[in-house]
Amino acid sequence: MKLPACIAALILPAALSAQQVLIEAESFADHGGWQLDTQFIGTMGSPYLLAHGLGRPVSDATTEVSFPATGKYRLWVRTKNWVEKFAGTVDATAAPGRFQLKIGGKALPHEFGKTGAKWHWEDGGMVEITEASATVSLSDLTGFNGRCDAILFSKDPDYVPDNSSEILPAWRRTLLGLPEEATTEGPFDIVFLGGGYSGACGAISAARMGLKVALIQNRPVLGGNGSSEVRVWAMGNTPPGLYPVGDIVREFEDDAKASPGTYEEFEDDKKHDIVTAEKNIALFLNHHAYEVEMESPSKIGAVLAFDTLTGAIRRFTGRTFCDATGHGTIGLMAGADHEMIDGGRMGMSNMWSWENTDSPQDFPETPWALNLEEGDFPYPKKFHAEWFWESGFDKHPLLDLEEIRDWNHLAGFGAWNAIKNKGAYDRYDPAMQAHKNARLTWMAYIGGTRETLQLLGDIVLTEEDVVEKKPYPDGCVLTTWSIDLHYPAEQYEKKFQENPFISVAVHGKGVDRKKGYAVPYRCFYSRNIENLFMAGRNISVTHEALGTIRVMKTCGMMGVVVGKAAAVCAKHNVTPREVYYQHLDELVDLMRLPGNMRRATLGDPFAIDPSLPDLGEPESEWITKNQLEGIVIDDEEAKLSGNWTHGDGLKPHVENGYHYVGAAPKGSDKVATARFEFTVPETGDYEVRIAHQPHENRSSKTPVTVISADGEKIILVNQRIAPPLAKGFYGLGVFHFEAGKPGAVVVSNEGADGNAHIDAVQVIAQE
């Protein structure tokens with residue numbers, strides 16, 4: 001990757017002193033085919049470059065380096081043999097991550113990445129520098145994940161660099177010439193940490209509330225697991241129902257139809273353009289948050305983040321902060337109450353894909369990968385290895401994160417080696433001469449993690465809450481995914497029982513995937529850090545409840561709610577907790593606003609922005625009562641007599657379905673009735689409506705009786721044709737009702753000429 005000139009101009013490719021020259025690999029002016037990896041900064045201390053070439057050596061990363069003097073220098077490179085940790089399971093001596101350094105285009109003899117299971121400074125011996133400036137290159141030898149953190153030239157042959165995993169240690173900052181003081185950004189009304197669906201949709205929501213927003217993401221793209229880097233399609237629904245908090249998610253979501261899909265389907269540019277179009281958002285890509293400053297033991301004052309390309313440090317101040325990292329890292333650093341189960345977590349996936357070509361394709365033998373045969377793994381049909389290529393169930397989800405990713409790669413490369421070089425599953429591809437022309441095209445080097453830890457709020461949502469549909473007054477985000485927990489797949493775990501890499505999903509019952517379950521707002525803020533919100537898979541739920549809320553569209557809606565709650569915090573100078581206890585009605589009012597409504601500042605009025613898409617209501621098979629004005633009585637609340645049958649095949653219907661019954665002659669003993677009773681809050685005139693779904697077998701003269709203060713009136717309704725009013729309602733007329741005196745609508749099949757049909761009754765006060 002060649003960096004844009006505006007960024008490259010800011011980079012200090014080498015730091016000079018009288019004795020040492022330090023080059024951070026991430027600051028190379030041209031990354032070539034090497035990838036910037038920022039996933040493991042918390043454990044090994046730094047971003048690094050990864051030669052992820054799928055078995056083909058990647059092009060060199062290059063930069064210009066100035067030396068204080070010519071002469072001899074001892075060369076050190078911080079690297080590791082990434083398979084040595086797995087010695088005994090694989091042949092670590094094969095060292096797949098080998099690379100060399102070139103100076104002035106000439107390769108030095110030492111091969112790096114051959115030894116050392118842990119990150120360390122590897123001694124490259126003495127080198128002669130003959131000119132004051134030279135091109136330094138990283139030259140990949142294998143295409144199999146060689147990695148380089150930094151390069152150090154030392155005039156002192158006895159100098160050994162510090163191998164601390166501390167992030168930006170003082171000696172590196174000094175050599176890099178970084179300012180001692182961080183650049184302050186802010187103050188912001190809210191700072192979102194993490195640029196996945198949760199953080200990005202939250203930032204958009206807050207910006208449209210008129211807040212000043214920072215969005216910090218340690219990758220070059222937005223979308224998190226739903227980006228082209230990881231390629232997990234966004235699941236969960238954004239159903240109509242409580243509030244239109246799914247509007248922004250639907251605007252932001254990509255067009256991916258598979259997991260993994262293609263690069264283009266994940267629409268990184270679209271996501272970026274939507275965020276950068278928001279004038280109230282300051283976007284900081286390639287920034288890793290690594291430290292929290294506490295204003296008090298219970299309040300965050302600022303978050304420090306460094307530019308993963310330049311090392312420059314920024315200090316972000318804000319009224320509130322939202323941990324949308326997925327890993328809960330900001331909450332951890334702030335001392336937030338949290339819970340991490342000991343083992344049996346859902347793991348991390350690194351999916352991969354391949355294609356058939358028109359010519360033979362080679363793939364190197366992989367003695368260093370898992371020794372797999374047919375039957376050890378599922379054949380990657382449809383040309384891709386899907387979500388269930390997953391491991392890390394009993395590994396530490398933070399400390400062992402790099403090991404989990406590397407194990408997934410050992411499994412993926414081992415499987416592809418079995419297919420290409422051992423003839424595994426040849427029977428699936430006879431037309432292509434048994435995979436002779438097949439080529440590996442992509443393997444995720446950024447892991448798609450499902451579970452790390454939960455930051456605890458005033459409510460810790462449980463599986464029982466969801467299954468029993470426990471109502472909360474602050475229910476706001478409808479989760480529609482089943483309670484989906486992943487476990488090692490028994491069929492494939494025999495060979496590597498201590499570290500299986502294929503999972504199975506177990507879907508629990510209890511979640512209505514049409515209507516959803518309303519997750520309470522009190523799961524979205526910390527119970528002990530007063531200005532910390534959470535959104536995404538690190539919210540306050542149990543391990544079991546995580547199985548339903550963790551999918552991306554659901555997480556995105558959490559961010560939208562947090563953005564609106566942050567506006568209440570800013571307006572009243574209150575904490576996230578006080579939003580619930582003092583201003584819940586105001587939050588509800590904001591959640592009722594559609595996603596294309598905005599205000600420029602907190603004090604401005606709201607207005608529809610014509611430049612934003614009017615997505616309308618999402619397509620749905622059902623209509624919730626709270627979408628309808630006035631008094632609404634569903635068919636399930638009606639008093640039924642006779643043989644009514646429940647149905648839900650005609651759509652859309654109100655709530656869970658409707659009822660119907662066959663015709664009965666007048667005076668018959670098979671007459672059935674449905675009585676919808678209600679009481680109006682104030683005396684006055686009210687329009688009465690009834691809903692039905694049309695069908696040719698319905699009655700063209702269903703008798704409907706309205707009982708009001710004026711007496712009884714019978715209306716014959718043709719239920720074979722579509723009702724003329726919105727959402728499938730038919731107007732019965734305007735009637736007078738008295739407060740405290742019951743009114744009713746009674747539907748009967750007596751004298752009908754087809755099935756009588758009931759769905760809902762609506763009563764609307766007239767001005």
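Things to note:
- Relative to the longest principal axis of the Cα atoms of the chain, helix 552-572 runs at roughly 80 degrees.
- Listed by chain and number, the aspartates and glutamates whose C-alpha is less than 19 Å from the C-alpha of Lys212, apart from same-chain residues fewer than 8 away, are Glu185, Asp189, Asp273, Glu278, Asp323, Asp604, Asp609.
- Dividing the mean sequence gap of close Cα pairs (under 8 Å, 6+ apart) by how many residues the stretch 348-449 holds gives a relative contact order of 52 percent.
- Using the Cβ-Cβ distance between Asp710 and Glu636 with R0 set to 22 Å, the FRET efficiency from 1/(1 + (r/R0)^6) comes to roughly 0.20.
- For Phe606 and Val506, the difference between the fully extended length at 0.36 nm per residue and the C-alpha to C-alpha distance is 31.6 nm.
- Relative contact order for the stretch 622-765: 36 percent, from Cα pairs under 8 Å spaced at least 6 residues apart, divided by residue count.
- Among (i) 195; (ii) 185; (iii) 172, the entry that matches volume of the Cα convex hull per residue in Å³ as calculated here: (ii)
- Spatially, the stretch 376-390 and the stretch 19-88 are offset by 31 Å when compared through their Cα centroids.
- Fraction of antiparallel bridges per DSSP, the chain only, in percent to nearest 5: 85
- Taking each DSSP H run with n ≥ 4 as -39500 (n - 2.57) and averaging over every residue of the chain yields -4500 deg cm²/dmol at 222 nm.
- For Lys72, the aspartates and glutamates whose Cα comes closer than 16 Å to its Cα, not counting residues fewer than 8 places off in the same chain, are Asp123, Glu128, Glu131, Asp156, Asp158.
- Taking the fewest neighbouring Cβ atoms within 10 Å as the starting point, the ordered list for Tyr686, Tyr263 is Tyr263, Tyr686.
- Residue order, fewest to most beta carbons within 10 Å, for Thr702, Thr89: Thr89, Thr702
- Annotation for the stretch 577-644: chymotrypsin sites (Phe, Trp or Tyr not before Pro) lying in DSSP loop with at most 15 further Cβ atoms inside 10 Å of their Cβ are Phe606.
- For the chain, the longest principal axis of the Cα atoms and the long axis of helix 576-591 meet at an angle of about 60 degrees.
- As a length-normalised measure over Cα pairs under 8 Å and 6 or more apart, the relative contact order of the chain settles at 12 percent.
- Taking amide hydrogens as placed 1.01 Å from N in the peptide plane, the amide H of Trp622 sits under 5 Å from those of His653, each at least 5 positions away in sequence or on another chain.
- Over 18 Å apart at the Cα level, from the set Lys381/Lys436; Lys80/Lys420; Lys469/Lys564; Lys257/Lys381; Lys625/Lys651; Lys271/Lys515, are Lys80/Lys420; Lys469/Lys564; Lys271/Lys515.
- Amide H contacts for Gly475 (H built 1.01 Å from N in the peptide plane; partners 5 or more residues away or on another chain; cut-off under 5 Å): Tyr521.
- Amide H to amide H, with H built 1.01 Å from N, Thr308 comes under 5 Å of His287, His288, counting only residues 5 or more places away or on other chains.
- One Cα centroid belongs to the stretch 635-696, the other to the stretch 107-137; the line between them spans 81 Å.
- In this structure, Ile341 and Ala132 have a Cβ-Cβ separation that, at R0 = 56 Å, corresponds to a calculated FRET efficiency of about 0.50.
- Given charges at Cβ of Lys, Arg, Asp, Glu: the chain dipole, positive-most of Leu456, Phe188, Gly143: Gly143
- Cross-link partners of Lys713 among lysines, defined as those whose alpha carbon lies under 21 angstrom from its own and excluding same-chain residues fewer than eight positions apart: Lys639, Lys666, Lys701, Lys741.
- Per-residue Cβ neighbour counts within 10 Å put Asp394, Asp358 in the sequence Asp358, Asp394, beginning with the fewest.
- 0 to 90° range, to nearest 10: angle between helix 401-421 axis and the chain longest Cα axis: 90
- Three-way shape label, the stretch 416-532, alpha-carbon gyration tensor, a/c 1.5: prolate
Here, each number is a calculation from the coordinates, and none is a lab measurement. None of the values given here were measured: they were computed from a predicted structure. Methodologically, a virtual Cβ is constructed for each residue, glycine included, from the backbone with ideal geometry; neighbour enumeration extends over all protein chains shown.
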